[in-house]
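Q: Structure provided below as structure tokens; questions to follow.
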Amino acid sequence: MAKRPASKNADMRLTQKDRVGGGKKTTKKPAAKSARANPPKPKMTARKSRAQKKPQNFTFWWLFKKLFYWGVVLGVWATIAVSGIVIYYGMQLPSSDTWAVPDRPANIRIVAADGRLISNRGKMGGEAVAIYELPHYVPNAVLAIEDRRFYDHFGIDPIGIARAFVNNVVSGRITGGGSTITQQLAKNLFLTPDQNYGRKIQEVLLAVWLEQNYSKTELLELYLNRVYFGAGTYGIEAATQRYFGKSARNLSLGEAAILAGVLKAPSRLAPNSNPEGAAERARLVLNAMAEEGFISAKEAQAAAIDPNKRIRTRITGTEYYVADWVEALMDSYLGVVEEDVIVRTTIDWELQKEAEFLIKEIIRENGEEREFSQGALVAMLPDGAVQAVVGGTDYTKSQYNRAITAKRQTGSAFKPFVYLTALENGYTPNTMVDDSPFTYKGWAPENASGNFKGRMELRDALARSSNLVAAKLTIELGPQNVANTAYRLGISSNIKPLPSIALGTSEISLLELTAAYAPFSNGGQGIIAHVISSIETPDGRVLYSHIPSGPGQVVTPDAVGKMNDMLSRAIEVGTGRKAAFGNWPLGGKTGTSQNYRDAVFVGYSARLIAGVWLGNDDGSPTKRVGGGSFPVEVWREFMKKAHSDWGVAQLPGGDGRFDQAPAAPISQQAQGEPQRRSIGDLISNLFGR
């Protein structure tokens with residue numbers, strides 16, 4: 001049998017395992033379905049995969065990691081935001097290389113002739129003191145209540161700022177800034193007092209700069225000498241002088257606590273206006289000092305102010321009127337004051353306080369009943385050195401200086417200028433004049449009493465303050481000539497050349513009027529009233545020293561003697577007779593303006609001249625207070641005090657009497673030529689009598 005040809009494929013041989021039922025049994029797999037009938041499933045996406053994951057449990061660590069993550073994110077963004085804000089407000093400041101602590105404004109220390117402090121003037125109101133000059137508890141009191149971590153921080157206190165921020169948010173307004181002493185100093189030196197977050201950021205930047213450029217001791221000293229303590233005072237020295245009348249070098253522990261407590265709210269806690277609040281705050285300061293270990297609890301308790309006792313603060317006295325006057329003069333003496341200076345005045349401290357007491361006392365005892373509320377006094381030596389100035393009864397209520405600034409009608413106190421003009425034109429104290437009524441161009445003056453005496457000596461006419469004689473003399477001599485006499489003796493106020501000036505209708509300051517009487521005291525020398533004797537720097541460099549000056553001889557010795565004869569008569573028997581004291585030869589003249597609005601007396605010895613005014617600021621009439629009443633009483637008591645250590649001295653010209661001229665000539669200016677007439681001509685031709 002023939003063989004079959006071989007297949008192209010490899011020979012297929014079946015083994016036992018290949019045969020049906022041969023070998024091990026196998027499980028037949030089901031035939032795969034066609035791809036079209038059962039296509040392959042697509043792979044799952046990542047989103048569906050995550051969605052089908054089982055939810056994780058919220059464990060503590062999971063929460064911590066989440067908070068940490070988002071905290072870091074927020075912190076980064078907050079840092080960026082804060083940095084941007086800081087940069088924004090920082091760019092509004094000048095370049096840091098131009099920053100410098102401004103010089104402290106110059107202080108004007110005004111002292112009396114014996115060196116006692118009258119007042120500190122200038123923007124700061126007091127001089128600077130070195131921190132080592134202060135008692136140790138003074139800066140410690142400030143640190144305890146204002147900045148306990150002062151020596152530990154770098155200019156800002158983050159904890160304090162955070163606390164203040166929370167308080168501001170809770171209250172809905174800016175109640176405080178958590179400022180350190182350095183921040184407060186930065187604000188005082190460079191910034192405005194406005195409270196806003198922009199200014200607070202600038203304050204922080206400046207505080208850090210201060211800390212980098214100054215030591216802690218320097219910063220604390222700057223702070224103590226610049227910070228506001230209320231009542232217009234800046235710096236510890238000014239505040240101490242203002243409130244306690246002493247130097248900060250002599251502060252007690254209790255006083256130091258009061259001043260440290262004021263810093264929280266200077267206007268509200270000032271001890272002169274709110275002693276109870278100041279005392280309560282001072283106790284908090286003392287307790288804080290004890291907590292910090294600066295003092296013991298016993299020391300704190302001992303220094304605390306008894307709540308039942310009022311804090312004793314310095315009373316603002318009338319010497320402040322002197323200080324105002326001196327401060328106003330500084331421009332003419334030095335120009336702009338650019339360094340601390342000491343102004344030594346001519347003021348006698350004891351006489352100043354005596355004058356203050358007398359003015360206040362006369363008003364306290366009689367003012368309400370006799371309807372006058374103010375007074376003034378000026379006293380000076382015969383060379384013009386002012387010894388006392390009282391410009392009013394209460395400086396704290398009114399700073400208006402009634403002795404220097406105010407101009408009032410002088411009444412009959414102006415008459416010595418009329419009588420001096422008459423003496424210089426031929427009259428003598430013995431010349432007979434006529435005290436009788438007259439009318440001149442519709443003007444009919446009268447004597448204060450309404451009566452008239454007829455013929456009398458010139459000295460008696462002045463002593464009895466005859467308006468009629470003074471008016472007749474002024475008309476005949478010429479009002480302009482009388483005004484010129486007043487100008488020559490030192491009156492600088494404008495005087496209208498009218499016949500009525502004889503009765504003191506011109507308004508003149510008490511200082512002018514008093515100075516114009518000085519030639520009667522010193523022998524006829526014109527003077528310029530002065531209150532400044534020298535100006536020097538704290539290290540002794542003299543910037544100004546007073547040199548005696550003036551117009552020279554303005555009244556002849558003969559005329560001085562005659563005037564002293566007549567003005568002495570006014571005190572012996574005239575309207576000023578209550579002025580006499582001891583054996584002192586005195587001269588003076590009373591003055592009362594119309595309707596008793598102003599009461600004046602100016603008098604003098606060979607050692608001192610003084611003027612006194614009483615009245616009302618609004619010019620309302622008093623209840624018949626004349627120059628010969630209360631003003632004379634004040635003058636007498638003041639002069640007695642002033643003369644207590646002096647020996648009796650005669651007035652220039654002695655006490656002689658002068659012969660009467662049978663026909664005393666007078667002069668009247670008429671077209672520039674003197675015209676001489678007898679007193680008889682004056683009476684018959686001018687007044688028809």
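The values are calculated or read from the model by the stated rules, or taken from the named source; none is laboratory data. All of these numbers come straight from a predicted model, not from anything done at the bench. Positions of Cβ are generated from backbone atoms using ideal geometry, with glycine treated the same way; all protein chains shown enter the neighbour counts. Side chains included, ligands, DNA and RNA excluded: accessible areas come from the protein's heavy atoms. Shrake-Rupley method; radii C 1.70, N 1.55, O 1.52, S 1.80 Å.
Q: Only one of 255, 203 is part of a helix (DSSP H, G or I), in contact (Cβ under 8 Å) with a residue 24 or more places away in the chain and touching a helix residue (DSSP H, G or I) at 6+ places or on another chain (Cβ under 7 Å); which?
A: None of the others qualify; the one that does is 203.
Q: When residues of the stretch 221-249 are filtered for being open to solvent by 50 Å² or more (accessible area, probe 1.4 Å), part of a helix (DSSP H, G or I) and among the basic types (Lys, Arg), how many remain?
A: Number satisfying all stated conditions: 1.
Q: So, residue 520, is that one open to solvent by 30 Å² or more (accessible area, probe 1.4 Å) and either over 25 Å from residue 325 (Cβ atoms) or hydrophobic (A, V, I, L, M, F, W, C) (or both) or not?
A: Considered against the rule, which asks whether it is open to solvent by 30 Å² or more (accessible area, probe 1.4 Å) and either over 25 Å from residue 325 (Cβ atoms) or hydrophobic (A, V, I, L, M, F, W, C) (or both), residue 520 comes out as no.
Q: Return the residues of the stretch 108-142 that are touching a residue at least 40 places away in the same chain (Cβ under 8 Å), assigned to a helix (DSSP H, G or I) and open to solvent by 10 Å² or more (accessible area, probe 1.4 Å); say none if nothing qualifies.
A: Within the stretch 108-142, 131, 133, 137, 139, 140 meet the criteria.
Q: Consider residue 634 carefully, then state whether it is open to solvent by less than 10 Å² (accessible area, probe 1.4 Å), of a type in the set (Val, Ile, Thr) and not in a helix (DSSP H, G or I).
A: Spelling it out, it is not the case that residue 634 is open to solvent by less than 10 Å² (accessible area, probe 1.4 Å), of a type in the set (Val, Ile, Thr) and not in a helix (DSSP H, G or I).
Q: Could I ask something else about it? Looking at the stretch 258-273, which of its residues are open to solvent by less than 10 Å² (accessible area, probe 1.4 Å) and part of a loop (DSSP other than H, G, I, E, B)?
A: Listed by number, the residues that qualify are 270, 271.
Q: Now for a separate question. How many residues does the stretch 421-451 hold that are open to solvent by less than 40 Å² (accessible area, probe 1.4 Å) and of a type outside the set (Gly, Ala, Ser)?
A: 14
Q: Related question: Looking at the structure I just gave you, is residue 397 among the basic types (Lys, Arg), surrounded by fewer than 20 Cβ atoms within 10 Å (Cβ to Cβ) and at positive phi?
A: no
Q: Same structure again: In the list 218, 280, 276, 255, which residue meets the criterion of being under 14 Å from residue 145 (Cα atoms), among the acidic types (Asp, Glu) and open to solvent by 30 Å² or more (accessible area, probe 1.4 Å)?
A: Answer to the check: 280.
Rundown of residues vs (1) open to solvent by less than 20 Å² (accessible area, probe 1.4 Å); (2) within 15 Å of residue 510 (Cβ to Cβ); (3) out of contact with any helix residue (DSSP H, G or I) (no Cβ under 9 Å at 6 or more places or on another chain), yes/no style:
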site: 368; (1), (2), (3): no, no, yes
site: 392; (1), (2), (3): yes, yes, no
site: 402; (1), (2), (3): yes, yes, no
site: 419; (1), (2), (3): yes, no, no
site: 453; (1), (2), (3): no, no, no
site: 458; (1), (2), (3): yes, no, no
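Q: Hey, another quick one. Pick from 494, 481, 451: which is over 41 Å from the mean Cα position of the chain (by Cα) and not in a helix (DSSP H, G or I)?
A: Checking each option against the conditions leaves just 451.
Q: Looking at (1) modelled with pLDDT under 90; (2) among the aliphatic types (A, V, I, L, M); (3) open to solvent by less than 70 Å² (accessible area, probe 1.4 Å), which is the only condition residue 159 fails?
A: (3)
Q: Among the residues of the stretch 180-232, write down those that are closer than 30 Å to residue 118 by Cα, in contact with a Phe, Trp or Tyr (Cβ under 9 Å, 6 or more places away or on another chain), at pLDDT below 90 and not hydrophobic (A, V, I, L, M, F, W, C).
A: Result: 188, single match.
Q: Another one. Just to be sure before I move on: is residue 248 at pLDDT 85 or above and on the phi < 0 side of the Ramachandran plot in the structure I sent?
A: Spelling it out, residue 248 is indeed at pLDDT 85 or above and on the phi < 0 side of the Ramachandran plot.
Q: Sticking with this one: Residue by residue through the stretch 492-514, note down the ones that are open to solvent by 10 Å² or more (accessible area, probe 1.4 Å) and touching a residue at least 40 places away in the same chain (Cβ under 8 Å).
A: 499, 500, 503, 505, 506, 507, 510, 511 - these are the residues of the stretch 492-514 that are open to solvent by 10 Å² or more (accessible area, probe 1.4 Å) and touching a residue at least 40 places away in the same chain (Cβ under 8 Å).
Q: Sticking with this one: In the stretch 523-548, what residues are out of contact with any strand residue (DSSP E or B) (no Cβ under 7 Å at 6 or more places or on another chain), surrounded by 12 or more Cβ atoms within 10 Å (Cβ to Cβ) and under 23 Å from residue 322 (Cβ atoms)?
A: 527, 528 - these are the residues of the stretch 523-548 that are out of contact with any strand residue (DSSP E or B) (no Cβ under 7 Å at 6 or more places or on another chain), surrounded by 12 or more Cβ atoms within 10 Å (Cβ to Cβ) and under 23 Å from residue 322 (Cβ atoms).
Q: Okay, next question. Please state which one of 330, 289 is at pLDDT 95 or above and either touching a Ser or Thr at 6+ places or on another chain (Cβ under 6 Å) or surrounded by 19 or more Cβ atoms within 10 Å (Cβ to Cβ) (or both).
A: Selected residue: 289, the only one of 330, 289 that is at pLDDT 95 or above and either touching a Ser or Thr at 6+ places or on another chain (Cβ under 6 Å) or surrounded by 19 or more Cβ atoms within 10 Å (Cβ to Cβ) (or both).
Q: Tell me, yes or no, whether the stretch 458-468 has at least one residue that is over 25 Å from residue 602 (Cβ atoms) and either touching a Phe, Trp or Tyr at 6+ places or on another chain (Cβ under 6 Å) or of a type outside the set (Gly, Ala, Ser) (or both).
A: no
Q: What are the pairs, 6+ residues apart or on separate chains, where a residue within the stretch 268-280 that is in contact (Cβ under 8 Å) with a residue 40 or more places away in the chain has its Cβ under 8 Å from a residue that is aromatic (Phe, Trp, Tyr)?
A: Final answer for the pair search is 270/229; 270/243; 271/243; 272/243.
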